[in-house]
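See below for the structure under consideration.
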Amino acid sequence: MASRSSGTDIAKGWAADLVTCLGFLTRLPMPSGLPFTTLADAMRAFPWAGALIGAVAGLLLATLAALGLPDLVTAGLALAALAVATGALHEDGLADTADGFGGGRDLDRKLAIMRDSHIGTYGVLALVLGLLVKTASLAALTDLSVLHIVALLAATGAVSRASIVWFMASTPPARRDGVAHAAGQPSDFTARSALISGGVIALILLLLTQGLVPALLIIGAGALVAALFRSLSLRQIGGHSGDTCGALQFLSETAMIVTAAASLS
């Protein structure tokens with residue numbers, strides 16, 4: 001009886017963490033009544049939330065492709081629906097980060113620009129070029145089976161969002177307020193849990209659908225871009241912010257999708 005109760009508590013804890021993460025990463029309505037959990041602790045479920053978000057995007061992409069829409073239109077509509085579901089959270093972070101890193105002369109100015117709701121030239125360029133590359137890469141994958149597409153985007157969603165947790169745990173907050181500071185800094189244990197979960201989810205899905213070499217290339221591309229961006233963020237603002245977390249997710253996911261398009265199409 002005690003073991004069953006313990007197992008139930010663990011399941012409820014994970015469910016609460018997943019709901020917390022989905023509530024933060026999307027604008028979808030979440031059920032209430034689950035145990036309260038802080039976002040910093042709940043981030044162990046980031047890769048699971050990312051896998052679900054990616055799987056839904058993959059299913060939509062495959063469905064639109066099956067309707068016979070042009071490849072670029074299919075990819076563009078899938079990305080548009082994903083942006084609506086997530087509130088363009090990561091795209092906003094990419095644009096603000098590009099403006100801050102590109103237009104700020106010192107730390108205070110960079111952070112001030114990133115907080116400004118207006119978008120500048122660097123932000124526009126980053127968004128346009130990033131979405132162009134992502135759309136073209138997804139368009140190149142529309143001939144794959146539904147299972148392949150869903151597995152791929154679930155894998156990239158899991159790894160890219162696990163990378164956020166690692167990024168936040170391994171770098172200090174760049175400011176003393178804001179979204180990232182309010183979320184709290186995840187512990188090293190939470191970061192390891194997220195990385196292991198994200199890696200295992202992605203590896204299993206990609207091994208079953210793509211094969212060993214493509215799986216390693218895709219995951220490796222995401223990890224490399226995340227590491228390079230972490231280094232850039234440390235040089236630019238000395239740590240992480242909500243915007244840089246969003247930018248890291250967008251860039252690492254895009255790198256994985258580009259790699260998939262190059263190796264699988």
- Note on the structure: Selection from segment 93-151 of residues farther than 27 Å from Ser263 by Cα and among the basic types (Lys, Arg) yields Arg105, Arg109, Lys110, Arg115
- Message: I'm trying to understand the selection: among the residues of segment 126-180, which are of a type in the set (Lys, Arg) and free of Cβ contacts under 8 Å to residues at least 60 places away in the same chain?
- Response: Arg176
- Message: Test of understanding: among Leu195, Leu232, Leu228, Leu251, which residue is in contact with a Phe, Trp or Tyr (Cβ under 8 Å, 6 or more places away or on another chain) and more than 16 Å from Ala155 (Cα to Cα)?
- Response: Leu232
- Message: Take Gly199 and tell me if it is assigned to a helix (DSSP H, G or I), of a type outside the set (Asp, Glu), surrounded by fewer than 21 Cβ atoms within 10 Å (Cβ to Cβ) and in contact with a helix residue (DSSP H, G or I) (Cβ under 8 Å, 6 or more places away or on another chain).
- Response: yes
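Please enumerate the residues belonging to segment 224-265 that are of a type in the set (S, T, N, Q) and free of Cβ contacts under 8 Å to residues at least 24 places away in the same chain.
Ser231
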- Query: How many residues does segment 226-253 hold that are among the polar types (S, T, N, Q), surrounded by 24 or more Cβ atoms within 10 Å (Cβ to Cβ) and part of a helix (DSSP H, G or I)?
  - Reply: 3
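Does Thr156 qualify as being in contact with a Gly (Cβ under 8 Å, 6 or more places away or on another chain) and either closer than 30 Å to Gly199 by Cβ or of a type outside the set (Gly, Ala, Ser) (or both)?
yes
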- Task: Would you check if Asp71 is more than 16 Å from Leu251 (Cβ to Cβ), acidic (Asp, Glu) and modelled with pLDDT of 95 or more?
- Result: yes
- Could you say whether any residue in segment 205-212 is touching a helix residue (DSSP H, G or I) at 6+ places or on another chain (Cβ under 6 Å), within 21 Å of Leu18 (Cα to Cα) and either buried (at least 23 other Cβ atoms within 10 Å of the Cβ) or not hydroxyl-bearing (Ser, Thr, Tyr) (or both)? yes
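The values are calculated or read from the model by the stated rules, or taken from the named source; none is laboratory data. Worth saying up front: this structure is predicted, and the values here are computed from it rather than measured. So basically every Cβ, Gly included, is an ideal-geometry build from the backbone, and we count neighbours across all protein chains shown.
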